[in-house]
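For reference, the structure discussed in these notes is given below.
Laboratory data are not the source of any read-out in this text; all were calculated from the coordinates shown. No experiment lies behind these values; they were computed from the predicted model shown. Counting neighbours? That spans all protein chains shown, and the Cβs are built from the backbone with ideal geometry, glycine included.
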Amino acid sequence: MDSDSEDSSWKYLPFELGECEDLENYEPGGFHPVHLGDVYDSHYRVVHKLWFGGFSTVWLARETIANRWVALKIVAARESPTYHDRCVVASRPSIAGSHLFAMVDREFWIDGPNGRHLCLVFPLLGPDLSKLSKGIYSRLKPAFAREMSLQAAQALAQLHPNGLCHGEPHAPDYVVVPLDFCSSITNMLRSEICVIDFDQSFTTTGPPPERLGTPAKYLAPEVAVGGPASPASDVWALGCAIFRIRSGDDLFFDYDTDSPADALRQIVKAIGELPEEWKQTRFNREGRLAVADGEESELFWSFEEKRPLEDRVRAVEATVDEPEAAMFDGDAMLREPYPAAFRSMMWKPTAVCVAGTYFTAYSDEKDDMLGAFPRISEPEASLLVDLLSKIFTYDPATRPTAEELVTHPWFHLAMASLLLKGEPLGSARDMATLSKPGLGKSAPQH
């Protein structure tokens with residue numbers, strides 16, 4: 001770094017690489033610099049990046065002894081000593097033995113230029129669902145989205161009765177973008193989810209004294225105004241995830257939503273005014289609770305603009321299976337869709353030509369282009385509005401439990417439709433799911 005930048009708050013020159021970890025966290029106490037080809041604990045060879053978070057980076061590695069692929073999670077140095085104190089799930093055998101949760105296979109420690117790091121070896125999993133349901137770039141097919149959402153609800157329904165809540169510098173020579181699992185012509189993914197990242201988990205009898213590192217867009221309103229996290233706040237976050245999985249967009253998010261106050265303003269847009277006592281909450285200049293004496297603060301305020309929940313649901317686009325359909329201008333060359341092996345699971349709005357134009361990025365024309373797509377069906381929209389309206393209530397005591405949620409008909413829409421039409425269900429498993437949704441596998445393996 002040259003002398004002209006000595007006064008800058010940036011340690012490293014920012015650049016456009018796409019999604020990658022915060023380079024500023026490559027400092028003492030932060031991330032360990034990992035390079036492709038590095039070998040850890042004598043037999044884990046790093047092949048590619050899988051993902052990253054605020055507390056760790058995760059890498060695809062080949063274990064040479066067992067000759068298997070694994071996910072190697074390297075925790076930031078400052079977080080490593082207390083990692084086990086925060087991760088309370090591993091001590092519960094009923095959770096550790098479930099296919100819905102990814103547990104650590106083994107662990108070891110390494111020393112590096114930024115400190116001492118805990119390393120955790122996990123079984124290799126597929127991509128983050130949020131990356132497969134992402135705005136104009138990727139969407140899940142409706143049935144697959146409901147299937148994945150049901151499994152997420154089932155995971156919470158297994159955690160909560162067990163007294164658990166999920167909750168959420170030395171730079172390397174180069175930074176690696178995450179591996180794209182969907183670039184292969186062969187579908188290696190199974191129709192199953194696995195819940196990971198329990199470093200924000202806690203027991204229902206011992207909620208954390210401070211706000212967790214939950215992203216603002218998933219933050220329950222009672223937590224945003226200073227209340228404790230709970231199973232009900234887990235359910236709120238699940239509702240946020242369901243909307244994201246089905247629509248590709250975040251419900252309580254705008255381009256600058258990064259604090260509790262920001263999140264509350266988006267919540268008010270969708271579900272109405274806060275309870276009177278919450279309106280008296282004071283936030284500092286960063287949009288966080290003002291707790292220090294004399295700290296500069298202001299009362300909560302909201303926007304006049306409203307975007308009601310029902311309108312947001314009914315604006316969700318339906319799947320476009322045939323980009324060449326007559327409703328679109330097919331003169332221009334279509335962008336490359338997902339390989340055929342993935343098309344029962346997901347689709348790309350960017351692969352659809354609308355009036356001779358393709359999506360290239362978010363712009364003022366995006367909403368007009370999306371308006372050309374068909375909308376979510378009326379039966380599904382009504383059920384999804386009903387489900388989310390039950391979840392998104394200001395009083396946490398009135399929200400359904402995760403166990404109650406898994407019985408909601410939106411999750412089982414296809415099977416319910418068959419019953420209404422008098423058509424036979426596909427299997428005894430279908431009937432079992434309708435009569436009593438369990439906590440086991442909700443989708444066959446491919």
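Here are the numbers for the structure shown:
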read-out	value
Cβ crowding within 10 Å averaged over residues, with 343-353, 220-230, 377-387 ranked highest first	220-230, 343-353, 377-387
Selection of chymotrypsin sites (Phe, Trp or Tyr not before Pro), region 87-147, meeting DSSP coil and at most 16 other Cβ within 10 Å	137
Net charge over other residues, Cβ less than 11 angstrom from the Cβ of residue 396 (K, R count +1; D, E count -1)	-2
Packing-based order for 293-302, 38-47, using average beta carbon neighbours within 10 Å, highest first	38-47, 293-302
Long pairs among 73/269; 49/269; 73/390; 131/306; 131/279, criterion Cα-Cα beyond 30 Å	73/269; 49/269; 73/390; 131/279
Footprinting exposure proxy for 218, 338 (fewest neighbouring C-beta atoms within 10 Å first)	338, 218
Neighbourhood charge, 10 Å Cβ-Cβ cut-off, centred on residue 299 and excluding it, Lys, Arg +1 and Asp, Glu -1	+1
Sorted peptide list for 284-291, 73-80, criterion being average Cβ within 10 angstrom, highest first	73-80, 284-291
Neighbourhood charge, 12 Å Cβ-Cβ cut-off, centred on residue 32 and excluding it, Lys, Arg +1 and Asp, Glu -1	-2
